[in-house]
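Worksheet for the structure shown next.
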Amino acid sequence: MSQKEKLDSLKYRYGRKRANKTGSASASPAGHGPGGPGRGGLSGRGRPKNSRETIRRLLQYLKGDSLKLIAAFVCILVNTLGMLVGSYMLRPIINTYIVPVDGSRGDPAGLFRALTVMALVYVAGVGANYLQARIMLNVAQTALRKIRNDLFGRMQNFPVRFYDTNSNGDLMSRFTNDVDTIGMMLSNTLIQLFAGILSIVGTLFLMIYTNIWLTLVTLAMIPVMMKAGGIVAKQSHRHFSAQQASLGAVNGYIEEMITGQKVIKVFCHEEAAQEEFDLLNEDLRKNQIRAQFFGGIMGPVMGNLSQINYSLTACIGGLLCIFRNFDVGGLTVFLNFSRQFSRPINEISMQISNVFSALAGAERVFAVMDEEPEPQDDLDAAVLAPMKGHVVLDHVTFGYEPDKVILKDVSLYAKPGQKIAFVGSTGAGKTTITNLINRFYDIQGGSITVDGVDIRRIRRDNLRQNIAMVLQDTHLFTGTVMENIRYGRLDATDEEVIQAAKTASAHSFINRLPQGYETMLEGDGANLSQGQRQLLNIARAAVSKAPILILDEATSSVDTRTEKHIEHGMDRLMADRTTFVIAHRLSTVRNANAIMVLEQGEIIERGGHEELIAQKGRYYELYTGLSELE
């Protein structure tokens, strides 16, 4: 594979769409079946949306601060008028008090009075500029708060498929880098663009009033400046979009490498990881250089053209003073206006790069917001209360992609108090079944019912509140041990939490922690062992009192001694509950009421442990270790 092909592959996986290739339960948070979920990724990646539509959507977040915006624009108007009036006052000051046109001597006292008035005008403009800066900072931060709230709120409603197919690091980049670029535009760029346009209009009016011929000289340079600015801006937009995409890819890669650092060291993958990071980092460097170059070159290009315009104006103005009796004060003011006229054009041109950077960031943020949320429940969706836990899968067919079937005509039933075990090779579809029971994905064929009601006719929140899961991959939130266990049921009392910990055999080790149940956990429980973290997850499931329990390799991180120690507690946990167990350690499923052996998405054997051993089929091979290594 060439370096370019390898780079494209890395950017595709970490910057755009990262999905599970093998579909094994251990390779993905969702534990997909073979093929995993499709590589849908975020829509519109690599294809910038309509800039006008992006701007329109950004302006929607400013609607609630209309009065503040009006006040800010009034301040800009005052500031601009102050600068213009102050500049024009030079003409009468020079012609009246310094070099009087009637040939008389200057008037120092009158000059002092005039300069005082001019200073007051400038002070008023500066004060208005300070006030608008404070107002716009408040407006921008309020808008960012709304954007973050909308983005986070939308992400809470996305289906599991979205998180299976997008990089965590890239999503974080949208929350931080992209939103920050939007904030810079709203707080600075937006107001500067308005002030620049206002300044250009006002300056042009005074230039025409001062001398029409010099105005025509200045205006002749405008098409040249606009053409040069347009060429640079077009390149800037393209490279800033590439820069943001590369930044997301780097963030995604760093996030995954840091998370998997132990695996990297165990398999001596440091050099390969460094090589891959170097590729992504070098791509980011190149794109940043291009983006910053075209963003930074705008100022010098426009500045040089402005100097050319200034020189032409000074030469022609001097000739007018000699041959057409143009006053010196008028020439001085016009030259000042000429520079003032070019300055907002330069500033606007330089802000274009910020605009494009912000629009690229906004497009990435809106790309997330535009993702399809989890479908709404039907208006007549049922709420089962209480839910008993009769689960039936009837000829279920499912694939993460329509053309790639994972489960084929799967049928089974489970009653309250029963323990149903799924065993089979990696990628056979075991975890996929539990994902479907939770309705993380909707099936393509057949039906799944709970208490005789199709789960598509049950409200999702009601369904999931009645299902407790203990996954192979543990996750603990920042907070106390008590709070982490109570996450399973927020209204649980302290006594119920402690009882759940005892059920999961976690009570003894919790008491040995520095503050017991009030010990603060950070970094996903980094101060606990893997087995202790899993015990807390089991306690979380115990406190939920859900009638349906799913154990997905729940004891894989617990040593054999601890596993035996909690076996009785697990039996108490599963009592009167419908329990689905996924296990590669087959000794943990011997007491299951029914064992389902899956291969390639089909149930090829089912029955009790002794019955399946007697058949000497696939389960016998798995249990005795006679199956071929895959």
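The values are calculated or read from the model by the stated rules, or taken from the named source; none is laboratory data. For clarity, every value in this text was computed on a predicted model and none was experimentally measured. Quick reminder, even Gly has a Cβ in these numbers, built from the backbone with ideal geometry, and neighbours come from all protein chains shown. For the accessible areas, the whole protein counts, side chains as well, though only heavy atoms, and no ligand, DNA or RNA atoms are used. Shrake-Rupley method; radii C 1.70, N 1.55, O 1.52, S 1.80 Å.
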Tally, over segment 392-440, of residues that are part of a strand (DSSP E or B), open to solvent by less than 10 Å² (accessible area, probe 1.4 Å) and among the polar types (S, T, N, Q): 0
Answer from Ser236, Ser173, Ser241 - the residue that is more than 27 Å from Ile76 (Cα to Cα) and open to solvent by 20 Å² or more (accessible area, probe 1.4 Å): Ser241
Failed item in (1) touching a helix residue (DSSP H, G or I) at 6+ places or on another chain (Cβ under 9 Å); (2) farther than 29 Å from Ile437 by Cβ; (3) in a helix (DSSP H, G or I); (4) modelled with pLDDT of 90 or more, with Val497 passing the rest: (2)
Condition met for Gln192 (open to solvent by 50 Å² or more (accessible area, probe 1.4 Å) and assigned to a helix (DSSP H, G or I)): yes
Count of segment 470-490 residues which are over 22 Å from Ala575 (Cβ atoms), among the charged types (D, E, K, R) and modelled with pLDDT under 90: 1
Which listed residue, of Leu62, Leu84, Leu58, Leu67, is open to solvent by 70 Å² or more (accessible area, probe 1.4 Å) and modelled with pLDDT of 80 or more: Leu67
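Quickly run through segment 265-278 and pick out the residues that are in a helix (DSSP H, G or I) and surrounded by fewer than 18 Cβ atoms within 10 Å (Cβ to Cβ).
Matches in segment 265-278: Lys265, Val266, Glu270, Glu271, Ala272, Ala273, Gln274, Glu275, Phe277, Asp278.
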Long-range neighbours under 6 Å by Cβ, at least six apart or interchain, first residue among the β-branched types (Val, Ile, Thr) within segment 236-257, second part of a helix (DSSP H, G or I) and at pLDDT 80 or above: Val250/Leu280; Val250/Leu284
